[in-house]
1. If B:V205 passes every condition in (1) within 14 Å of another protein chain (Cβ to nearest Cβ); (2) among the aliphatic types (A, V, I, L, M); (3) touching a residue at least 60 places away in the same chain (Cβ under 8 Å); (4) in contact with a strand residue (DSSP E or B) (Cβ under 7 Å, 6 or more places away or on another chain) but one, which one does it miss?
2. Let me confirm something: among B:D348, B:D363, B:D371, B:D294, which residue is within 15 Å of B:C276 (Cα to Cα), away from chain A (no Cβ under 14 Å), of a type outside the set (S, T, N, Q) and surrounded by fewer than 16 Cβ atoms within 10 Å (Cβ to Cβ)?
3. Could you count how many residues in the stretch A:85-113 are in contact with a helix residue (DSSP H, G or I) (Cβ under 7 Å, 6 or more places away or on another chain), part of a helix (DSSP H, G or I) and buried (at least 24 other Cβ atoms within 10 Å of the Cβ)?
4. Within the stretch A:32-43, can you find the residues that are more than 9 Å from chain B (Cβ to nearest Cβ), surrounded by fewer than 23 Cβ atoms within 10 Å (Cβ to Cβ) and either assigned to a strand (DSSP E or B) or not hydrophobic (A, V, I, L, M, F, W, C) (or both)?
5. Quick check on my filter: what residues within the stretch A:1-21 are in contact with a helix residue (DSSP H, G or I) (Cβ under 7 Å, 6 or more places away or on another chain), buried (at least 23 other Cβ atoms within 10 Å of the Cβ), more than 7 Å from every other protein chain (Cβ to nearest Cβ) and closer than 22 Å to A:A218 by Cα?
6. Looking only at the stretch A:54-73, which residues are within 14 Å of another protein chain (Cβ to nearest Cβ), surrounded by fewer than 19 Cβ atoms within 10 Å (Cβ to Cβ) and either on the phi > 0 side of the Ramachandran plot or modelled with pLDDT of 95 or more (or both)?
7. Tell me yes or no: at least one residue of the stretch B:14-26 is assigned to a loop (DSSP other than H, G, I, E, B) and under 18 Å from B:S311 (Cβ atoms).
8. Could you identify the single residue in A:I24, A:I46 that is closer than 23 Å to A:G216 by Cβ and away from chain B (no Cβ under 14 Å)?
Amino acid sequence: MKVAVIQFPGSNSDQDAVNGVRVIGHDARLLWHKEESVGDADAVIIPGGFSYGDYLRCGAIARFSPVMQAVKTFAADGGVVLGICNGFQVLCEAGLLPGALVRNRSLQFRSEQVFLKTVAKDTPFTGGVEEGQLLRVPIAHGEGCYFADEETLASIKSNNQILWQYVSADGELTDDANPNGSLDNIAGICNRERNVAGLMPHPERACQEIVGSADGRAILESMAAWLDKKTQADAA
Amino acid sequence: MSDPAITPELIDQHGITPEEYEQIKVILGREPNYTELGIFSVMWSEHCSYKNTRKLLKGFPTKSEKVLIPAGEENAGVIDIGDGLAVAFKIESHNHPSAVEPFQGAATGVGGIIRDIFTMGARPVAAINSLRFGSLDSAEVRRLFRGVVAGISHYGNCFGIPTIAGEVYFDPSYEGNPLVNAFALGVLRHDQIARGAAKGVGNPVFYVGPATGRDGLAGAAFASQDLTEESADQQRGAVQVGDPFMEKLCMEACLELLATDAVAGIQDMGAAGLTCSTCETAARGGTGIELRLDQVPQRAANMTPYELMLSESQERMLIIVNKGHEEEVRRIFDKWDLPWAEVGTVTDTGRMVVTNHGEVVADMPAAKLADDAPLYDRESKEPAYLAAVRAFKLEQVPDLKEPEQVLKNLLAWPSIASKNWVYRQYDHTVRNGTAVFPGSDAAVLRIKADSLPGGGVDADETVPEKYLAMSCDCNGTYVYLDPYEGAKIAVAEAARNLACSGAEPLGTTDNLNFGNPHNPELFWQLKEAVRGLAEGCTVFNAPVTGGNVSLYNQNPNGAIDPTPTVAMVGLIEKPEDITTQWFKDEGDEILLIGAAIDEADPLLGLGGSAYLQTAYDLKTGTPPRCDLAKEKQIHTTVRSFIQAGGVKSAHDCSEGGLAVALAESCISNHVGRETDKLLGAEIDLSAFGDARLDALLFGETQGRIVLTASGVDAVKIEERAKILEVPVVRIGKVGGDKLTIKTAGAELSWDLAELHDLWFNAIANKMK
């Protein structure tokens, strides 16, 4: 897998994303926001941070950068795109994912380990998780409350676009387990075509035991495995 | 608009004494003009010049075989960590601004310290902070607390630095004058160290970063006066406004520029902005600088030279560029879309000459301005209140009633209670380097390739991974009750927290927060505290690499408790040594290292204790004694146990004593949101016979660490401790869902879930 990690002014988890991909044995490089092509990447990650200082709204300005045009084309062609935290916000602002992320209901930034249940297994991002396996990964955000209007939410649900939900350590969907007030405890979703996904938690910050959890690998490894299968299928 | 005339009132308003004014006239050979008066006012303020404390600070130990840049030479000290790598770290205060505008005051405190680190050429990779407020029962205090934490969170998180440790204390003496001490640490290779000297006559001087406005005007002078009731209204303009996004861009651009040959010298514009950075770099370089104000990017209309020189607008850097390399600055700063301007030239006159549209508006010798502030020997006198403190006797401590309730009250006391309400607002995982999060004795950070400037994604060198521990500590109550002993304890506690995490101290940075130095009793506190700090840092071979002095911390009600905050950094040999404070497995043996009660202390460790304060509202009594040699021996011994393998957890005894340390070991393992792994213990203290129960459970005798190990390893630890002549007593076993403590005369029991709830939610409950 060759991943291009977009670097906006103010991205601060770009290195983390590159390292996460490298730790699982694949290639990653940084792609500056002024570039107009994703090159030979077969996956794109839009990393966490405060692109453009979160001026106006999180991700509102990043969506206009030259590189996002290239990402849109890449996604339209079926390319795999993962938005993490601020990256999720950028994808929603760019219209590549439905809904929006707004201020945490606590009105405070939240940095803690949460538990995720994988809901839909049939995407490049979620294929590698066992039944009932929870992922313990960190969140670190002030505006991670997922919101969509009734119609959009109904559509997301009927198309199985919810990929991850916040749950308790026992796997229960409770309000206590929800760190930011997201509707239906939604932590991450994908688009209708299932090639673009976004999530607020940081899997790239959970790839090695020494930092507290290696559960995040499952998401990156799912992508690598899916792309590998696709390459083989294409070649056949 | 013409400048105001220089009158005695104007001179006084600028915080300059008549004698200092005479000295200014001697230095200039004439009267100063208004702009020059302003310049002297900030450069000779206490905050910038340390005029009241410079002589005292000479007592600090500043050298060791690992110190590469000692205190006082540059903007931060630098210490070697092996394999050609080094760390730069420092702590600084932003107390007065936070009292007036808590959000921006705290935010810009973080911004300022981060700049001090990257101006050394290091990539800032971790932050910690020490905060103090009045009682949370006050709505005003809650407002300040909320604002300060939000400000630190806003700045650090957006900038992208993990805030991984800290301390928060609540005491009425800080009411109206909160303390906000911010620490940052950065990593660099030895050959990446950058200096703040204006070298090379003829070199152009560049300004980079956002335009200058009127914010923070004369912030340094504001920091050097007592707070009054009018301060809030009058001084709001002196509070700087921060933009962490700008700082992030500025840092990346500066680190990129430093990797080229373009930079001859670099300094951040912090306190006293353009003034300080210009004269200090010139002074260090033995050169002069001609500064052209009309070239300085300005974001307010009609700014006067006075305003431009004294503004403390944030996120600006002064860069002395090697002539011929100006293109690098343009290329890199344009890439990051940051403003830049060529604003001056290095000269050989030794003078700082400031012009505005060709007209000279200030002309003064740089070195005299930067280095020759008058130094004062303030009068000191032992405070009268100490007589009553020393007279307090053990017989005056009421009998211990309801020990079970006492422990609950201590765990819910905001100064002891869990600080998760604070640190869950701080991103502590960004940069993927935090090995031990907030919540244990010390934070642990791993240093890896991308911790270095230029060491990220595309670097092809391998960097050996290293593990740093850091902690900041100070019990202000102890220092108030005995400044010398309390200061020693601050150092000892920091070293002890490092030892518990498996680390050996490398170096220290200190933030001295004290009252008005013209008050002899308060100056005595400062003098004695410095004496204690110096001794402590010497014994632990953790030299002071730099720090900050914040004086004039008081409010109309009186002075704050003297608070010399100590932040210490240590190195852990290998990742297997990383140790945390909570119990790990059922059946583990619990050992107490160190004497349970200091029998030589007439108050048996109860003086100044949290117990006396919470149970009886008594803030008195000589605090526990600190035997530095014994402490060092205990730390070295515990570290050796950890390095030999077999230590499952280590937690030191501090506020609240042994009972609190045991309870914390049972309830502080926070696994995830709403998920805590509570692990009980059966403790038997009957080995201590008929010792006073209050002293045994809640006394704060120093030099004690609670260790756990499996049965087999516990035996090895006991044998080694006996050989090393370090006291060790087996006090119990891990297991169950209760904490039970049996003594010669009592059997106490606590439900863990209840203790956890009281401790974990205490502050959140007060902040509802």
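The values are calculated or read from the model by the stated rules, or taken from the named source; none is laboratory data. Source: prediction; values computed, not measured. Reconstructed Cβ throughout: ideal geometry from the backbone, glycine too, with neighbour counts over all protein chains shown.
1. (1)
2. Among B:D348, B:D363, B:D371, B:D294, only B:D371 is within 15 Å of B:C276 (Cα to Cα), away from chain A (no Cβ under 14 Å), of a type outside the set (S, T, N, Q) and surrounded by fewer than 16 Cβ atoms within 10 Å (Cβ to Cβ).
3. Here the count works out to 2.
4. A:H33, A:E35, A:E36, A:S37, A:G39, A:D40, A:D42
5. Answer for the stretch A:1-21, where residues must be in contact with a helix residue (DSSP H, G or I) (Cβ under 7 Å, 6 or more places away or on another chain), buried (at least 23 other Cβ atoms within 10 Å of the Cβ), more than 7 Å from every other protein chain (Cβ to nearest Cβ) and closer than 22 Å to A:A218 by Cα: A:V3, A:V5, A:I6, A:A17, A:G20, A:V21.
6. Correct list: A:L56 only.
7. Yes, the stretch B:14-26 contains at least one residue that is assigned to a loop (DSSP other than H, G, I, E, B) and under 18 Å from B:S311 (Cβ atoms).
8. A:I46
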